[in-house]
Amino acid sequence: MNRLSIVSLTLGPVQTNTYLVADSQRGECMVIDPAWDGERILAAARKHNWRITNIWLTHAHFDHLGGAGAVSDAHNPPLPVALHPLDYPLWRMEGGAPLFGMRIDPGPEPTIELRHGMLAYLGEITFEVRHAPGHTRGHVIFYCAQENVAFVGDVIFQGSIGRTDLPGGDYDTLMESIRTQVLSLPDETRLYCGHGPATTVGAERRNNPFLR
């Protein structure tokens, strides 16, 4: 039986995917990219009787962390937040929300510095952190080899790729990240994207028009 359970919520003004990822045998879960509507995220965890232990951010754009404050405020002490340090400046700018005429609570300051190649743990499940810049400077992917899944944020989507026209974005860097950090994974690896449906490495290798 797979230990990993995944619940996807699509939240916020730009329909961002938030993932509750649980070690189902231990009842522990983390939230990857608490996009918006923190109470909905908390309610989903309660529905499954999961205890939230961490918040992991693929990157610091506002639409991926707009619910972090509400999720963390429901816990005492506040939940640890993991982010690559190259995205700390973006986090301090409320994820760029003011550029779009919005203000958000970015939540508690990140206390876990994500680094390329480091291992992160959810109960008995191990994730590899892969630095994949290009959409933002500090974007990361969370890859779980034992479950054949990767949480890829806004690096790649079904049939598309992440934007590179926002501050910190760079097209050539993004394409190199896709080549080295996504296409290097086994074809059967399931990709959970920041927007839109999940896909697989093999499907994107064959069908994504940006990769031809």
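Computed quantities for the displayed model
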read-out: Cβ pairs under 9 Å, 6+ apart, first in the stretch 64-81 and charged (D, E, K, R), second in a helix (DSSP H, G or I) and crowded, with 18+ Cβ neighbours inside 10 Å; value: 73/38
read-out: Residue match in the stretch 32-42 (condition: in a strand (DSSP E or B), surrounded by 18 or more Cβ atoms within 10 Å (Cβ to Cβ) and of a type outside the set (Lys, Arg)); value: yes
read-out: Pairs, first on the phi < 0 side of the Ramachandran plot and surrounded by fewer than 11 Cβ atoms within 10 Å (Cβ to Cβ) in the stretch 101-121, second at pLDDT 95 or above and among the acidic types (Asp, Glu), C-beta under 7 Å, six or more apart; value: 119/128
read-out: Residues being in contact with a Gly (Cβ under 7 Å, 6 or more places away or on another chain), in a helix (DSSP H, G or I) and free of Cβ contacts under 8 Å to residues at least 40 places away in the same chain - total across the stretch 172-207; value: 0
read-out: Candidate set from the stretch 59-90 (those that are in contact with a helix residue (DSSP H, G or I) (Cβ under 7 Å, 6 or more places away or on another chain) and in a loop (DSSP other than H, G, I, E, B)); member that is nearest to residue 141 (Cα to Cα); value: 59
read-out: Exclusive hit being of a type outside the set (A, V, I, L, M), at positive phi and modelled with pLDDT of 95 or more, set 196, 162, 169, 202; value: 196
read-out: Among (1) small (Gly, Ala, Ser); (2) surrounded by 24 or more Cβ atoms within 10 Å (Cβ to Cβ); (3) touching a strand residue (DSSP E or B) at 6+ places or on another chain (Cβ under 6 Å); (4) within 24 Å of residue 46 (Cα to Cα), the one test that residue 132 misses; value: (4)
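The values are calculated or read from the model by the stated rules, or taken from the named source; none is laboratory data. Keep in mind that what you see is a predicted model, and the values were worked out from it rather than measured. Every residue, glycine among them, receives a Cβ derived from its backbone with ideal geometry; neighbour counts consider all protein chains shown.
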